[in-house]
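Please treat every number below as a calculation from the coordinates, not as lab data. As the structure is a prediction and not an experimental result, all values here were calculated from the model. When we count neighbours, we look across all protein chains shown, and the Cβ atoms used for this are built from the backbone with ideal geometry, even at glycine.
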């Protein structure tokens, strides 16, 4: 019986993964093994480039503001000056949350060797371009 409970718990946890992040990782994974030129062609100009140990790291990032998700709560608030300056405020603080994602690609010998994603909203971004 205990094994069944543990198995069901693992299935529930497996379903909690972010499908948007997995889809983004799959799209970006298609760039591994491609040339650095192809990477820049598909992703656009990087926000940062760092060279270390004979390798290059190219980073792209996107950030935006959005209302926080609060289950069952109404979006009651007001616009005006508050502790953080002008913005949307509600009961208990700002009504906008900064979201973002940074994709950093490692390039070795002019080929993409791998990538990492970092941020609180790495899903369904328009990377890479379809050209």
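Remark: the residue 120-residue 22 segment gains 33.9 nm on full extension, using 0.36 nm per residue and subtracting the alpha carbon distance.
Sort the following peptides by mean Cβ neighbour count (other Cβ atoms within 10 Å, averaged over residues), highest first: 43-52, 22-31.
Details: 43-52: 12.0, 22-31: 15.1.
Ranked from most to least packed, the peptides come out as 22-31, 43-52.
Working from label points 7 Å from Cα in the Cα-to-Cβ sense, the residue 102 to residue 61 distance is 0.4 nm.
With the simple spin-label model, which puts each label point 7 Å out from Cα in the Cβ direction, the residue 111 to residue 36 separation comes to 1.5 nm.
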